[in-house]
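Bear in mind that the values in this text are calculations on the coordinates, not laboratory data. Quantities reported herein were computed from a predicted structural model and do not represent experimental measurements. When we count neighbours, we look across all protein chains shown, and the Cβ atoms used for this are built from the backbone with ideal geometry, even at glycine.
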Amino acid sequence: MSRLNLLEETRFEKIPLSVFENQQAASITIARKFSDLILRKQANGELVVLGLATGASPILIYQELVRLHKEEGLSFKNVVSFNLDEYFPMKPNSEQSYVAFMKHHLFDHIDILPEHIHIPDGTLKVEDVAAYCLEYERKINDFGGLDFQLLGIGRTGHIGFNEPGSAPNSGTRIVTLNDLTRRDASKDFGGKENVPTKAITMGVGTIFKAREIVIVAWNEKKAGIVKAAVEGEISSEVPATYLQLSNNVEFIVDKEAASLLTRFDKPWLVRDVVWDAQITKKAVIWLAKHLNKPILKLTEDDYNNNGMSQLATENGPVYNINIHIFNQLQHAITGWPGGKPGASDAQRPERALPEKKRSIIFSPHPDDDVISMGGTFIRLADQGHDVHVAYQTSGNTAVWDDDVLRYVEFSIDFLSASGQPVDYLKDQYKRIREFFQTKKPNQVDLKEIQTIKGLIRKEEAVAGARFAGTKDENIHFLNLPFYDKFKTKGLDSYEEDILITMDLLKKVKPHQVFAAGDFADPHGTHKVCFDIILEALNRLKSTENWTSDCWLWLYRGAWHEFELHEIQMAVPLSPNEVIRKRHAIFKHQSQKDLPVFPGDDAREFWVRAEERTKETANAYNQLGLAEYEAIEAFVRYIY
Ligand code: F6R
């Protein structure tokens with residue numbers, strides 16, 4: 001049964017979808033849906049049966065429901081709830097359990113009756129699970145079935161914990177979690193190895209029986225899977241695509257999560273557009289990639305047969321458009337990231353003057369500089385620029401405990417070998433070892449352990465930056481206080497961080513600032529670090545003249561890259577520079593082999609960095625530009 005879609009603009013979308021400006025606005029609207037339903041049922045003296053989800057996505061919805069209860073008197077006495085899932089095995093009082101999650105975010109703050117709450121039981125014996133699951137289904141039916149089901153979507157495309165491979169008619173059952181799902185959960189558990197491998201989940205069939213389903217997704221990280229779920233073919237590989245078969249479902253997303261849907265990502269395919277420079281560049285690059293042809297070989301027919309006849313008619317002949325875009329791409333490529341002395345800079349990304357620039361590379365964590373732009377760092381230093389590097393946070397959460405023991409052991413042995421007193425260190429060592437023996441997953445380290453972990457990363461950063469070619473006195477550790485406050489949840493402002501950053505900028509008076517421009521995770525360290533730099537620069541604009549000649553360049557972290565149409569400076573690396581960059585990354589030994597926080601990518605950082613820059617180089621080459629070993633990409637940010 002496929003949905004009749006009368007709107008041209010959404011013709012690729014197979015699930016009704018609403019886009020909100022941001023997660024807050026969307027969450028308030030969804031909470032309102034809940035409360036309307038609850039009140040309607042209350043008026044008839046009926047119970048309402050809600051299917052609830054956990055995870056990051058529903059948090060603001062629950063927050064708004066709590067507010068409605070506290071401030072507007074919304075009662076939950078007629079609510080019966082069934083949660084989608086629970087890890088298995090899992091004790092309800094464990095911090096990571098979905099029982100604890102639901103209490104913390106909702107149940108402890110409203111008047112729902114305890115006997116109305118149902119969450120799959122993670123404490124059962126394996127042999128009892130099957131019967132329990134049947135009983136869970138029966139209970140839902142006994143209450144008359146789910147009136148409303150709230151869902152999030154995992155990056156595997158799971159709904160509930162129905163991972164790829166789940167059947168459309170599956171019921172409540174025990175399942176094995178997908179590796180990506182476990183990696184996504186690893187932060188909550190203090191490492192993937194602590195994440196349970198199994199869960200009990202309602203099935204796709206259970207979810208389908210709900211009379212109304214709302215599925216939500218926020219931020220850019222979900223954009224790919226939202227597109228697959230909404231525009232892709234129905235397939236067990238992306239279980240959320242099964243929702244295309246339901247007539248009672250709505251997808252609710254924010255702008256970022258919607259960004260890869262055709263109507264936003266390639267609007268020319270679904271409506272007439274205003275062909276400004278940016279959209280023309282994006283569309284022509286897309287056409288070349290789509291047809292696997294170099295830009296200069298694209299023909300009138302290629303444009304007409306692929307939804308770009310409007311551009312061909314308005315701005316053709318197409319060969320002129322091709323040349324124009326080809327030249328733009330060509331001009332972004334430069335081996336002179338600090339500008340080329342003595343050469344005209346009319347068509348170059350950076351200014352020729354001053355010949356020797358002062359550059360600051362801001363690195364949110366102690367290794368982002370070399371991982372993300374190590375080749376450009378090396379080039380800037382080789383070309384004689386005064387390169388400073390500023391490490392914004394200590395990164396001290398991402399060091400293994402046994403590395404701490406190893407460094408303290410080294411210090412004790414070194415002092416002993418030099419005939420120096422070691423009692424203090426030995427005491428510390430004993431305390432640290434005892435702490436580690438009883439340390440729980442995710443427990444915050446003792447202060448002195450945090451210090452040692454920070455120092456380990458500091459020495460590695462010095463080694464990396466020195467290897468890249470910068471002078472010791474140009475290596476700065478800002479230790480921005482927000483990073484530690486994050487952990488203790490006592491953060492109220494970034495004022496101190498901004499002032500520290502302003503101080504460094506005033507001292508260096510840079511011509512170029514390089515900053516990590518990762519906006520995908522709005523609460524992540526990189527985004528906060530960027531906002532601090534931006535605020536510092538903006539404040540300095542009124543008093544410091546040098547700011548008018550200081551350009552801000554963004555680079556991206558290890559996991560994704562700017563799209564080709566966005567890139568304004570593309571710095572090619574020679575094979576030798578790729579190796580030098582690799583060795584600079586190797587200095588970050590604590591992050592090698594198996595980092596504490598690998599993120600959602602199982603590859604080592606240096607491999608990610610190399611594959612990413614190689615992919616960028618190949619992408620340029622496929623468009624018909626020269627073939628390079630690797631390319632690092634930058635976008636200029638006007639502040
Ligand atoms: C949670 C659940 C999962 C999550 C999904 C998205 O009960 O069943 O399907 O909804 O993994 O998780 P977040 O919202 O954390 O991105």
**Asked** Over segment 1-78, one equal point on each Cα, no solvent: what is log10 I(q)/I(0) by the Debye formula at q = 0.21 Å⁻¹?
**Response** -0.98
**Asked** Out of segment 420-455, which trypsin sites (Lys or Arg not before Pro) are coil in DSSP terms and have no more than 16 other C-beta atoms within 10 Å?
**Response** 439
**Item:** Sequence-distant residues sharing a close amide H with residue 149 (under 5 Å, placed H)
**Value:** 51, 212, 213, 214
**Prompt:** Shape of the chain from its Cα gyration tensor (a ≥ b ≥ c, root eigenvalues): rounded if a/c is under 1.5, otherwise prolate when a/b > b/c, or oblate?
**Reply:** oblate
**Complete:** Gyration tensor on Cα atoms of segment 321-456, a ≥ b ≥ c root eigenvalues, a/c under 1.5 rounded, else prolate if a/b beats b/c, else oblate, says prolate
**Prompt:** Whole-Hz Karplus ³J(HN,Hα) for segment 153-166, in order, using 6.51 cos²θ - 1.76 cosθ + 1.60 and θ = phi - 60°, x for Gly and Pro?
**Reply:** 10, x, 6, 7, x, 6, 10, x, 10, 7, 7, x, x, 5
**Request:** Please tell me the relative contact order of the chain in percent, rounded to the nearest whole number, where contacts are Cα pairs under 8 Å and at least six residues apart.
**Result:** 12 percent
**Request:** Report, ordered by chain and residue number, the lysines lying within cross-link reach of residue 125, taken as a straight Cα distance under 22 Å and ignoring same-chain residues fewer than 8 apart.
**Result:** 91, 139, 198
**Fill in**
Amide H contacts under 5 Å for residue 254, restricted to residues at least 5 apart in sequence or on another chain and with H modeled in the peptide plane, are 20, 217, 219
**Asked** How high is the FRET efficiency between residue 330 and residue 479 when r is their beta carbon distance and R₀ equals 56 Å, given to the nearest 0.05?
**Response** 0.85
**Selection from 24, 547, 280, by position along the positive dipole direction of the chain (Cβ)** = 547
**Message:** Ignoring everything except DSSP H segments at least 4 long, calculate the 222 nm mean residue ellipticity for the chain; use -39,500 (n - 2.57) per segment, divide by total residues, nearest 500.
**Reply:** -13500 deg cm²/dmol
**Message:** Rounded to the nearest 5, what % of DSSP beta bridges with both residues in the chain are antiparallel?
**Reply:** 30 percent
**Request:** Give me the aspartates and glutamates in straight-line cross-link reach of residue 266: C-alpha distance below 12 Å, same-chain residues under 8 apart excluded.
**Result:** 9
**Of 169, 392, 305, farthest towards positive along the dipole that unit charges on Lys, Arg, Asp, Glu beta carbons give the chain** = 392
**Message:** Given axes a ≥ b ≥ c from the Cα gyration tensor, I'd like to know whether segment 69-148 is rounded (a/c under 1.5), prolate (a/b larger than b/c) or oblate.
**Reply:** oblate
**Item:** Using θ = phi - 60° and Karplus 6.51 cos²θ - 1.76 cosθ + 1.60, couplings along segment 339-352 (whole Hz; Gly, Pro as x)
**Value:** x, 9, x, x, 10, 5, 10, 4, 10, 9, x, 10, 6, 6
**Fill in**
Working note, segment 62-219: Cα radius of gyration (Å, one decimal) and Dmax (Å, whole number) are 15.6, 46
**Prompt:** Given charges of +1 on the Cβ of Lys and Arg and -1 on the Cβ of Asp and Glu, with all other atoms neutral, how large is the dipole of segment 152-235 about its Cα centre, in debye to the nearest 20?
**Reply:** 160 debye
**Message:** Suppose each label sits 7 Å from its Cα in the direction of the beta carbon; what would the residue 420-residue 579 distance come out to in nanometres?
**Reply:** 3.8 nm
**Asked** Measuring from centroid to centroid over Cα atoms, what is the spacing of segment 583-598 and segment 163-240 in Å?
**Response** 30 Å
**Complete:** Of the residues 213, 247, 267, the Cα lying farthest along the dipole of segment 151-273 towards its positive end, which is defined by charges on the beta carbon of Lys, Arg, Asp and Glu, belongs to 213
**Request:** Please work out the C-alpha center-to-center distance from segment 359-410 to segment 434-508 and express it in whole Å.
**Result:** 11 Å
**Asked** What full-extension length gain, to one decimal in nm, is calculated for residue 194 and residue 25 as 0.36 nm per residue of separation minus the Cα-Cα distance?
**Response** 57.4 nm
**Request:** Using Cα positions and a limit of under 26 Å, work out the lysines in reach of residue 506, with same-chain residues fewer than 8 apart set aside.
**Result:** 340, 356, 357, 458, 471, 485, 527, 541
**Message:** Quick check: residue separation of residue 299 and residue 499 times 0.36 nm, minus the Cα distance between them. What number comes out in nm?
**Reply:** 66.5 nm
**Residues with amide H under 5 Å from that of residue 361, placed H, sequence gap 5 or more** = 388, 389, 390, 514
**Asked** How about segment 580-636: which GluC sites (Glu not before Pro) there lie in a loop by DSSP and see at most 14 other Cβ atoms within 10 Å?
**Response** 627
**Request:** Along Cα→Cβ, 7 Å out, is where each label goes; now give me the distance between the ones at residue 403 and residue 142 in nm to one decimal.
**Result:** 5.3 nm
